[in-house]
Amino acid sequence: MAITLTVNGETRTVDVEPDTPLLWVLRDTLGLTGTKFGCGIAACGACTVHLDGRAVRTCTLPVSAAAGMPITTIEGLEQDGELHEVQQAWIDHQVPQCGYCQSGMIMAVSSLLAQRPDPSDEQIDASITNICRCGTFVRVRRAIHAVADGRKAGGEKKEERHG
């Protein structure tokens, strides 16, 4: 069945079954392999993308549910060759170890910061439920606060906040 999707600003038509998980359409049909398979039950968050601006897990989401809505993957997060501020914070704060889960984590964090520009630790804990087997959660929190602090300072780098 032909399904039309808008992925990273580009309209794409795919010929797949409507109940095919969006994850597999992104990876296998469209070749956007930055979105990862982790658990297959929407628990770990490795498959997180933005659907109409909201962070969603795609391993259990039927592609038909995404038709007509803008989808942003990790490949579409940077704009005009510039890394998204969360991607840059990940580098600056050396967040990843193995990096496998990080595209989903970055997508979840960028969605959180779009909704809550200066989240508290409690809001981060409630919103960022992605699982990282390497345990880099302290660095994740540090990077989130650095982005928020940078925004408050008008884009200027502020001293790193530990937490």
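Just one of the listed residues (Ala66, Ala2, Ala43, Ala55) is farther than 22 Å from Ser127 by Cα, at pLDDT 95 or above and small (Gly, Ala, Ser), and it is Ala2.
Residue count for the range 63-93 satisfying the condition of being closer than 20 Å to Thr33 by Cβ and buried (at least 17 other Cβ atoms within 10 Å of the Cβ): 13. Residues in the range 94-130 that are surrounded by fewer than 20 Cβ atoms within 10 Å (Cβ to Cβ) and among the hydroxyl-bearing types (Ser, Thr, Tyr) were compared, and the one that is farthest from Leu51 (Cα to Cα) is Ser120. Only residues that are assigned to a loop (DSSP other than H, G, I, E, B) and either of a type outside the set (Val, Ile, Thr) or over 14 Å from the mean Cα position of the chain (by Cα) (or both) were counted across the range 26-35, and they come to 4.
Among the residues of the range 103-157, those that are among the small types (Gly, Ala, Ser) and within 18 Å of Ile74 (Cα to Cα) comprise Ser103, Gly104, Ala108, Ser110, Ser111, Ala114, Ala143. Of the residues making up the range 31-49, just one is within 14 Å of Thr6 (Cα to Cα) and buried (at least 22 other Cβ atoms within 10 Å of the Cβ), namely Val49.
Considered as a group, the residues in the range 6-25 that are outside any loop (DSSP other than H, G, I, E, B) and of a type in the set (S, T, N, Q) include one that is least open to solvent (accessible area, probe 1.4 Å), and that residue is Thr6. Screening Arg151 on (1) open to solvent by 40 Å² or more (accessible area, probe 1.4 Å); (2) at pLDDT 95 or above shows it passes everything except condition (2).
Within the range 30-42, residues that are touching a residue at least 40 places away in the same chain (Cβ under 8 Å) and under 11 Å from Glu75 (Cα atoms) have Cβ atoms under 7 Å from residues that are β-branched (Val, Ile, Thr) and in a loop (DSSP other than H, G, I, E, B) in these pairs: Leu32/Thr73; Gly34/Thr73; Thr35/Thr58; Thr35/Thr73, counting only partners at least 6 apart in sequence or on another chain.
From the list Val14, Val49, Val86, Val25, pick out the single residue that is free of Cβ contacts under 8 Å to residues at least 60 places away in the same chain and closer than 21 Å to Thr136 by Cα. On inspection, the qualifying residue turns out to be Val49.
The values are calculated or read from the model by the stated rules, or taken from the named source; none is laboratory data. These numbers were taken from a predicted model, which means no experiment stands behind them. With ideal geometry, Cβ positions are generated from the backbone for all residues, glycine too; neighbour counts draw on all protein chains shown. Remember, those area values only see protein heavy atoms, side chains included, never the ligands or the DNA or RNA. Shrake-Rupley method; radii C 1.70, N 1.55, O 1.52, S 1.80 Å.
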